[in-house]
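Notes for the one structure printed next.
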Amino acid sequence: MSKSALITGITGQDGSYLSELLLAKGYTVHGIVRRSSSFNTARINHIYEDPHVSGRRLILHYADLTDSTGLRRVLETALPDEIYNLGAQSHVKVSFENPEYTADSVAVGTLRLLDCMRDHIEHTGREVRFYQAGSSEMFGAAKPPQNELTPFYPRSPYAVSKVAAHWYAVNYREAYKLFISNGLLFNHESPRRGETFVTRKITRAVGRIKAGLQDKLFLGNLDARRDWGFAGDYVEAMWRILQHSEPDDFIAATGEAHSVREFLDEAFSHVNLDWQEYVEIDPLYFRPTEVDYLLGDPSKARTKLGWRPKTTFRELVQMMVDSDVRLAEEERLISPKKVVAAAR
Ligand code: NAP
Ligand code: GDD
């Protein structure tokens, strides 16, 4: 019998890559989509299967992490072997503006899903494994390099909520002897990255500037350092974490950090532009408390899971720039209007 997985956050960057990976492995994939007045499924349109197709292996359900009844219903319908909890209000800066919603979806949302799973397992006797999408943001101000033993020092409502979700997961693992694992993933990016995260904001601007659609790029702190990897590599780590013989917590990272400034250098120089001619600093993008330096030590995942990232920093930046240069060229052909970059 082939396996079945349930993914919250299937419409997000990671959800789309994870769905592709699991479908390629023969899984039936159930995904939670939240209701929106406009389509929010662009990242999974290429793998979407119409409900009228018999034997389809990608099945979408309306639900929301803030609504336990819906989560419970989906779990009982989907009967997954593995749950990947990727759904979240995942933007750090936005979490300062919407802290309560962030806590509700990220922290309490995880608790809701864990509790549904606990009841489901108790009532059915089924075996279900749970992956919790933890974040390097949880380390926050802790001195780099960070590993699985580094104490958390969260610096935003988002990070505090992820720490709470992490400990809910650990507590449910220990209290009810459930297979629940936390992935502590450092930043991972791709051409599908949300456009308000710094890497994609930069590569979108590079494409648009090259196409004559944008003049300026407004950014915040250029000195922040991140351990940036490719999302396609990181969903493989998620899957391996759930295939491990026992539940545990793992870091996924490249072990290499770069500043936002270095990202700018790499991205603009790839198309022979000098970023200093286009970038302006706007305090709008500063955070009340910043995370200065994240650098992960992925030794445990390498040793115990045999996982290592395949894509280098340069390959990642170039992949994103190339994709956004193509996208901007299409935009230019359809509507050659300049965008207001400050709105992003
Ligand atoms: P993303 O692109 O922002 O996707 C987030 C997903 O969560 C989207 O599908 C979104 O739906 C969904 N979602 C938001 N609120 C929800 C709610 N109330 N109920 C149900 N679904 C909801 O994030 P990502 O980059 O793929 O990251 C996946 C997960 O890993 C997140 O939990 C994130 O916090 C965590 N993480 C990410 C990174 C990273 O560098 N990418 C690193 C560490 C941890 P819509 O499409 O409708 O908005
Ligand atoms: N978004 C954004 N926009 N960030 C900027 C900007 C800007 O204009 N200018 C500078 N930055 C800096 C931020 O201050 C931060 O230090 C760094 O760029 C990275 O910001 P983001 O790309 O927004 O990512 P993040 O590191 O805060 O959070 C992402 O990674 C986490 C893992 O460490 C998100 O994906 C989180 O969901 C994830 O958990």
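The values are calculated or read from the model by the stated rules, or taken from the named source; none is laboratory data. These numbers come from a predicted model, not from an experiment. FYI the Cβ positions are ideal-geometry reconstructions off the backbone, even for glycines, and counts take in every protein chain you see.
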Please find, among L6, L75, L23, L71, the residue that is part of a helix (DSSP H, G or I), out of contact with any Lys or Arg (no Cβ under 9 Å at 6 or more places or on another chain) and either in the same structural domain as V235 (by TED's automatic domain parsing) or not small (G, A, S) (or both). L75
So how many residues does segment 194-224 have that are more than 8 Å from ligand 2 (Cβ to nearest atom) and either touching a Ser or Thr at 6+ places or on another chain (Cβ under 7 Å) or among the hydroxyl-bearing types (S, T, Y) (or both)? 2
Restricting to segment 1-20, count the residues that are within 12 Å of ligand 1 (Cβ to nearest atom), among the polar types (S, T, N, Q) and in contact with a strand residue (DSSP E or B) (Cβ under 9 Å, 6 or more places away or on another chain). 4
Keeping to segment 216-234, report how many residues are within 16 Å of ligand 1 (Cβ to nearest atom) and either within 22 Å of P145 (Cα to Cα) or out of contact with any His (no Cβ under 9 Å at 6 or more places or on another chain) (or both). 10
Filtering helices (runs of 4 or more DSSP H) wholly in segment 187-284 for at least 3 residues that are small (G, A, S) and under 22 Å from the mean Cα position of the chain (by Cα) gives 231-243
Somewhere in segment 286-293, is a residue outside the structural domain of E148 (by TED's automatic domain parsing), away from ligand 1 (no atom under 16 Å from the Cβ) and assigned to a helix (DSSP H, G or I)? no
Could you list, in sequence order, all residues of segment 109-143 that are within 16 Å of ligand 1 (Cβ to nearest atom), in contact (Cβ under 8 Å) with a residue 24 or more places away in the chain and in a loop (DSSP other than H, G, I, E, B)? F139, G140
